[in-house]
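Working notes, structure below.
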Amino acid sequence: MPYEIPAIVQDRVSPRAREYLKKIEHFVETECIPADEVYEAQVSKDPSLRWKSYPPIIDELKKKARAQGLWNLFLSKTHYTQGAGFTNLEYGLMAEILGRSHTGSEAMNCSAPDTGNMEVLAKYGNDAQKKEWLEPLLDGKIRSAFLMTERYAASSDAKNINMKMRIEGDTIVLNGTKWWSSGACDPRCAVYITMTKTENNISTDAFKQQSVVIVPANTPGITVLRPLHVYGYDDAPHGHAEVRFVNVRVPKSNLVLGEGRGFEIIQGRLGPGRIHHCMRSIGAAERGLDYMIARVNDPNRRTFGKLISEHGTIRTWIAESRIQIDSCRLLVLNAADKIDRIDAKAALKEIAMAKIVVPRTVIDVLDKAIQAHGAGGICQDFPLARMWAGIRTLRIADGPDEVHLAQMGRNENTRAAEIVKRHEAQEKKREELFRLYKIEGRSQL
Ligand SMILES: Cc1cc2nc3c(=O)[nH]c(=O)nc-3n(C[C@H](O)[C@H](O)[C@H](O)COP(=O)(O)OP(=O)(O)OC[C@H]3O[C@@H](n4cnc5c(N)ncnc54)[C@H](O)[C@@H]3O)c2cc1C
């Protein structure tokens, strides 16, 4: 069934984006999904090569995708000039289709963390930084990592980030340990966008003590200590690295935007990226639902005299999954639309809602799909367990749910004074109406 654009955003999707959606869907369904298992099989099993090579099929996919113009679709035309010319909303629809496949995003140079890093460089980098790092990233020649989280700091509060940055003349010296640096194990990863804490000129403003520095991955003093596992998956060749910096020296010109501007940059970085994660997750949920429907209708797997799909509980799971997926999609597209119409800062609430609701909901859809497969759903014969593991991490990655909920709760709570005032005015009016119509007694609001 071809991808159906939700009715409420029909008039916000250009004819060109519609054309691309068709092309992307065709490419993902006919090239990427069949290549997913080949990719897995081509990841080297030899421990000495596992992090030194990458599956050759990805280069073939990239070549084919690029030849069809399916490249750098993510940089929205509302805020950038370097992308393929789509809005965040249009790319959101595309990201959903990419999310059906493990290789889809990378094939079209749209995978995290490169997308967020390219946004940082495009938005905040100077001309020299763009030339040196943005151009090869846009070209898909190198990959990158984003190094913020630290092993020894509770990093959901970014004020705790503690990698020491000392400026000595024209040089920046960095010391500290990062972890969960996604992509830093990949042999193609050439650059780290690194969040640091300044040692000179410390501002009294806690939000002006951090800086973002561009660090070439091959700088002396850097050691990739180990890949971390996600529920047992090492996600090779991409990986999530623990990285140690000992007296790492880079030119001062590698500072992005300026000393103490780190918060500004990371806040600008995370908005659209969260939308991309959400939409890819929805694509994974759709794939999970497809798997569930196919499995429960398998005529060879009847139980108690019926197809599994003929049991009422299973029909309910299918219906619930459809409702969950479709409602999540609307939430994310609403956030994407607000980013397009204003910017990511204005859409903070909508982005946070999507970031909280979508992974939880998609986990639930995938869990039902796994359950409907019986023991098969848990094992490597289906992509469901792996998808579940990946999406479960989104409740922590880019900031845990609790932090977003705390912020949303705090903002929502600021409405208290206005609500009380409005209620008092309504009560006053109600009392007047009671007197006018001579109604006895009064009900409490
Ligand atoms: C698969 C994966 C990929 C990742 N990729 C990257 C990457 O590429 N680059 C990078 O820099 N980081 C990355 N991360 C790290 C991620 O961003 C951090 O793990 C996250 O920000 C939380 O930081 P922390 O682990 O230090 O948790 P902590 O800060 O120690 O928090 C622990 C827990 O405390 C609770 N908590 C915290 N604050 C509050 C609050 N206000 N109210 C209630 N409870 C609270 C939450 O339950 C939270 O999970 C990745 C993580 C995963 C799992």
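The values are calculated or read from the model by the stated rules, or taken from the named source; none is laboratory data. This one's a predicted model, so the numbers in the text were calculated from it and none came from an experiment. Positions of Cβ are generated from backbone atoms using ideal geometry, with glycine treated the same way; all protein chains shown enter the neighbour counts.
Figures for the structure shown
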{"quantity": "Every pair of residues 6+ apart whose Cβ atoms lie under 9 Å, when the first sits in the stretch 96-124 and is on the phi > 0 side of the Ramachandran plot while the second is of a type in the set (Lys, Arg)", "calculated": "Asn109/Lys62; Asn109/Arg66"}
{"quantity": "Among the residues listed as Thr219, Thr196, Thr171, the single one being out of contact with any Phe, Trp or Tyr (no Cβ under 7 Å at 6 or more places or on another chain), modelled with pLDDT of 95 or more and more than 21 Å from Asn117 (Cα to Cα)", "calculated": "Thr171"}
{"quantity": "Pair list, Cβ < 8 Å and 6+ apart or interchain, from the stretch 131-160 residues that are of a type in the set (Lys, Arg) to residues that are part of a helix (DSSP H, G or I)", "calculated": "Arg143/Asp114; Arg143/Leu137; Lys159/Ala206; Lys159/Phe207"}
{"quantity": "Complete set of residues in the stretch 342-369 that are over 19 Å from the mean Cα position of the chain (by Cα), surrounded by fewer than 20 Cβ atoms within 10 Å (Cβ to Cβ) and at pLDDT 95 or above", "calculated": "Asp367"}
{"quantity": "Some residue of the stretch 361-384 being in contact with a His (Cβ under 9 Å, 6 or more places away or on another chain), within 30 Å of Leu331 (Cα to Cα) and either of a type in the set (Val, Ile, Thr) or free of Cβ contacts under 8 Å to residues at least 60 places away in the same chain (or both)", "calculated": "no"}
{"quantity": "Residues satisfying the stated conditions in the stretch 379-400, i.e. over 13 Å from Ile363 (Cα atoms) and either more than 7 Å from the ligand (Cβ to nearest atom) or in contact with a Phe, Trp or Tyr (Cβ under 7 Å, 6 or more places away or on another chain) (or both)", "calculated": "Cys379, Gln380, Asp381, Phe382, Pro383"}
{"quantity": "Members of the stretch 89-112 that are buried (at least 24 other Cβ atoms within 10 Å of the Cβ), farther than 23 Å from Ile5 by Cβ and within 12 Å of the chain's Cα centre (by Cα)", "calculated": "none"}
{"quantity": "Restricting the stretch 401-420 to residues that are in contact (Cβ under 8 Å) with a residue 40 or more places away in the chain and more than 10 Å from the ligand (Cβ to nearest atom), the residue that is farthest from Asn297 (Cα to Cα)", "calculated": "Asn411"}
